[in-house]
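The values are calculated or read from the model by the stated rules, or taken from the named source; none is laboratory data. Quick caveat: nothing in here was measured; it's all calculated off a predicted structure. The area values use the complete protein model at the heavy-atom level, side chains included, leaving out ligands, DNA and RNA. Shrake-Rupley method; radii C 1.70, N 1.55, O 1.52, S 1.80 Å.
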Amino acid sequence: AGFRKSAADVATNAQALATALAAEGVRMVSGGNDNQRMLVDVRPFGVKGRVAQEALDRAGITCNKNAIPNDPEKPFVTSGLRLGSASCTTAGMGPEEMREIASLIGDVLRAVDDEAVATDVREQANRLCSKFTPYPEGA
């Protein structure tokens, strides 16, 4: 039952993250998601995947740039990001935290060159993460 609950929680969190990201203006490449990973198109923000990844890294949010289907950008640039919910779920986060993370991602994507936004988001992300222990069962 432990694995089933964990898998269900990861999927629930992924769905919450996907829904909240869509509300922020991020385009879900598949139209939604049905597992712990999601591919998102950041072009609605007027940015490329590499720029989005670097801005999110500066803001304390780790993700990977990723090509999207029929991507017009080169592989080292991309138009998308790959996001997931497994590590956050393992640390004990739930749908409420996924919505907060989506909001922080949206803040960064709307201001990729604004260091004040990056600093503010990094502080908020650190505060959020400080409430949770990664791999609480010593995995």
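What is the projected area of the convex hull of the Cα atoms of the stretch 1-77, averaged over all directions, in nm²? Mind showing how you got there, number by number?
Numbers: hull surface 23.2 nm².
Over every viewing direction, the Cα hull of the stretch 1-77 projects on average to 5.8 nm².
Is it possible to state the helix-based mean residue ellipticity at 222 nm for the chain, with each DSSP H run of 4+ residues giving -39500 (n - 2.57), the sum divided by total residues, to the nearest 500 deg cm²/dmol? What is it?
The helix-only estimate for the chain comes to -16000 deg cm²/dmol at 222 nm.
For Ala22 and Asn64, compute 0.36 nm times the residue count separating them, minus their Cα-Cα distance, and round to one decimal in nm.
13.3 nm
Keeping every protein chain present and rolling a 1.4 Å probe, give me the accessible area per residue for the chain in Å².
Counting only protein heavy atoms, the per-residue value for the chain is 56 Å².
Any idea what diffusion coefficient the chain gets from Stokes-Einstein, in µm²/s, Kirkwood Rh on alpha carbon pairs, 10 °C, 1.306 mPa s? Intermediate values should be presented prior to the final figure.
Numbers: Rh = 15.1 Å.
In µm²/s, the coefficient is 105.
Starting from 0.36 nm per residue, how many nanometres of slack lie between Asp120 and Asp57 once their C-alpha separation is accounted for?
21.4 nm
Cut-off under 16 Å on the C-alpha distance; same-chain residues fewer than 8 positions from Lys48 excluded. Which lysines are left, in chain and number order?
Lys65, Lys74
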